[in-house]
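Novice: Quick one: this structure, given as structure tokens, is what I'll be asking you about.
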Amino acid sequence: MTVGTTELLPVVQDAIADALGIDAGEVQPEATLLNDLGAESIDLLDILFRIERVSKIKITVTDIGDLLQGGIPDEEFGDEDEVVNDTGLTHLEKVLPQFDRSRLTEPLTADGVLGLFTVQNLLDLLAERASAADAA
């Protein structure tokens, strides 16, 4: 049976809420994990562990990084000042449906990329991983 984002949403909401000490109702699909919900890098490890414990679907921080950078080498994704360039921005528009570079008010830095990752992006990654596991 394929698990979709609808079935995974309560699991993800509870994991994020418990890890961050917030109400599950605050964990909406469009919320970014870092900027909107206040997660820090270490919190991501806790969130992903909690999700795996309940859903048996393993996602690592590296998986998120791989999605965001798409295998593009650092020097092609951004410049020497770690500002994401056109190649990187084009890739982000492909993998983050909510991302619109025209709405950037300042250059996007490599450190800022993870701040774009939303609850929905996590749900999509989990559903994709579950689907791949079912197909195997």
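The values are calculated or read from the model by the stated rules, or taken from the named source; none is laboratory data. Small disclaimer: the values here were computed from a predicted structure and weren't measured. Don't worry about glycine lacking a Cβ; one is built from the backbone with ideal geometry, like all the others, and counts go over all protein chains shown.
Novice: What number of residues within the stretch 37-48 satisfy the criterion of being out of contact with any Ser or Thr (no Cβ under 8 Å at 6 or more places or on another chain) and surrounded by 13 or more Cβ atoms within 10 Å (Cβ to Cβ)?
Specialist: Within the stretch 37-48, the subset out of contact with any Ser or Thr (no Cβ under 8 Å at 6 or more places or on another chain) is 37-47.
Among the residues that remain, those that are also surrounded by 13 or more Cβ atoms within 10 Å (Cβ to Cβ) are: 37-39, 43-47.
Total satisfying the criteria: 8.
Novice: Between Leu92, Leu122, which is assigned to a helix (DSSP H, G or I), crowded, with 17+ Cβ neighbours inside 10 Å and in contact (Cβ under 8 Å) with a residue 40 or more places away in the chain? Spell out the reasoning first.
Specialist: On the way: Leu92 fails: in contact (Cβ under 8 Å) with a residue 40 or more places away in the chain.
Matching residue, one of Leu92, Leu122: Leu122.
Novice: Follow-up. Please find, among Leu34, Leu68, Leu8, the residue that is farther than 22 Å from Val113 by Cα and not acidic (Asp, Glu).
Specialist: Exactly one residue qualifies, and that residue is Leu8.
Novice: In the stretch 35-67, what residues are under 18 Å from Val11 (Cα atoms), hydroxyl-bearing (Ser, Thr, Tyr) and touching a residue at least 40 places away in the same chain (Cβ under 8 Å)?
Specialist: Result: Ser55, single match.
Novice: Go through Gly70, Gly65 for me and flag whichever is in contact with a His (Cβ under 6 Å, 6 or more places away or on another chain) and closer than 24 Å to Phe99 by Cβ. Before the answer, list the steps.
Specialist: Numbers: Gly65 fails: in contact with a His (Cβ under 6 Å, 6 or more places away or on another chain).
Answer to the check: Gly70.
Let's see how each residue does on (1) over 26 Å from Ala135 (Cβ atoms); (2) under 16 Å from the mean Cα position of the chain (by Cα):
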residue	(1), (2)
Asp43	yes, yes
Leu48	no, yes
Arg53	no, no
Gln69	no, yes
Asp74	yes, no
Asp86	yes, no
Lys94	no, yes
Phe99	yes, yes
Ser102	yes, no
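Novice: Then there's this: Lys58 is checked against (1) modelled with pLDDT of 95 or more; (2) over 20 Å from Thr5 (Cβ atoms); (3) charged (D, E, K, R) and fails just one. What number does that condition carry?
Specialist: Exception for Lys58: condition (2).
Novice: Of all residues in the stretch 40-78, how many are within 14 Å of Asp111 (Cβ to Cβ) and in a loop (DSSP other than H, G, I, E, B)?
Specialist: Selection size over the stretch 40-78: 1.
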